[in-house]
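Visitor: Pasting a structure below so you can have a look.
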Amino acid sequence: YNSGQTFMSAIKNASSGRVLEIGSRARSGNVRREWFSDKLEYVGLDIIKGENVDVVGDAHSLSLLFPENHFDFVFSASVFEHLAMPWKVVLELNKVMRQQAIGLIVSHQTYPVHDAPWDFFRFSKYAWKSLFNTATGFQVIEAEMGEPCAVLAAPYAPHLLEMDNNQGYLASLCVFKKISPTCLQWNV
């Protein structure tokens, strides 16, 4: 599990730029602002006011909150599973990211329902290309799954032990790059 090293190397080597973190609130005590050097201008976005939040707003409406072609880097951890329309957020990212800007999204592939009723999606490494592709103006650089786990039905079902693929992954990540504007719209 490479853990987005392509993204981490890009931000480490950047001499300047703007970073947007979607879901920046220190909900579980996690603050990732320190990942980004002082050479980078960090903006933390969350739908709820709180510690580490610079802008309160909905990720589905990024273009109403920020100028076009504004960010060089975008980061989000454990948020995309809570987005009502992640494809809309991807189109909004295209508007606010600069050409060749790079992003890292970390979410879940197999994970218990959490923060209900606001838990909607799970992502395999194969799902990311359905969101970040040439039609949406992006290229997937890296897509992985990590933190293997065993998935068994409850109540215990012995026939599942015979299945070749009962393994799941707690995490899924995607590193992507904006390669062009998109003409796709999702006016909701």
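The values are calculated or read from the model by the stated rules, or taken from the named source; none is laboratory data. All figures in this text were calculated on a predicted structure; none of them were measured in a lab. Backbone-built Cβ (ideal geometry, glycine too); neighbour counts: all protein chains shown. In case anyone asks, the SASA skips ligands and DNA or RNA and just uses the protein heavy atoms, side chains included. Shrake-Rupley method; radii C 1.70, N 1.55, O 1.52, S 1.80 Å.
Visitor: How far apart, in nanometres, would the label points at residue 130 and residue 100 be if each is projected 7 angstrom from Cα along the Cα-to-Cβ direction?
Guide: 3.2
Visitor: Tell me, which longest segment in the chain has none of the chymotrypsin sites (Phe, Trp or Tyr not before Pro) that fall in DSSP loops with at most 16 further Cβ atoms within 10 Å?
Guide: Details: sites that count: 1, 118, 120, 121, 126, 156, 186.
The answer is 2-117.
Visitor: Go through region 1-82 and name the GluC sites (Glu not before Pro) that are in a DSSP coil and have 16 or fewer other Cβ atoms within 10 Å of their Cβ. Walk me through the numbers on the way to the answer.
Guide: Details: sites: 21, 34, 41, 51, 68, 81; in loops: 51, 68.
Those that pass, being in a loop and sparsely packed, are 51, 68.
Visitor: Counting only protein heavy atoms, what percent of the accessible surface of region 1-158 is carbon or sulfur at a 1.4 Å probe?
Guide: Numbers: 4290 of 7980 Å².
Roughly 54 percent of what the probe reaches on region 1-158 is carbon or sulfur.
Visitor: Continuing with this model, one more query. Top mean-square fluctuation among 172, 76, 15, Gaussian network model of the chain, C-alpha springs under 10 Å?
Guide: With Cα springs under 10 Å in the chain, the top fluctuation among 172, 76, 15 is at 15.
Visitor: OK, next. What is the helix-to-structure angle for 86-96, meaning the angle in degrees between its Cα long axis and the longest Cα principal axis of the chain, kept from 0 to 90 and rounded to the nearest 10?
Guide: Roughly 20 degrees, rounded to the nearest 10.
Visitor: At 222 nm, what helix-only mean residue ellipticity would the chain give, in deg cm²/dmol to the nearest 500, using -39500 (n - 2.57) for each DSSP H run of four or more? Provide the component values of the computation, followed by the final result.
Guide: Details: 4 runs with 28 residues, N = 188.
The helix contribution divided over the chain gives -3500 deg cm²/dmol.
Visitor: Where does the longest stretch of the chain lie that holds no trypsin sites (Lys or Arg not before Pro) found in a DSSP loop with 13 or fewer other Cβ atoms within 10 Å?
Guide: Values: sites that count: 39, 49.
In the chain, the maximal stretch lacking such sites is 50-188.
Visitor: Using the basic label-point model (7 angstrom from Cα toward the beta carbon), what is the residue 38 to residue 56 distance in nanometres?
Guide: With each label placed 7 Å out from Cα toward Cβ, I get 3.0 nm.
Visitor: Here is a follow-up. Computed from the coordinates I sent, Rg/Rh (Cα atoms, Kirkwood Rh) equals one of [x] 1.10; [y] 0.99; [z] 1.05. Tell me the label.
Guide: Matching the structure shown: [y].
Visitor: Let me ask something else. Taking a probe of 1.4 Å, how large is the accessible area per residue of the chain, in Å²?
Guide: Working: 9970 Å² over 188 residues.
I get 53 Å² per residue for the chain.
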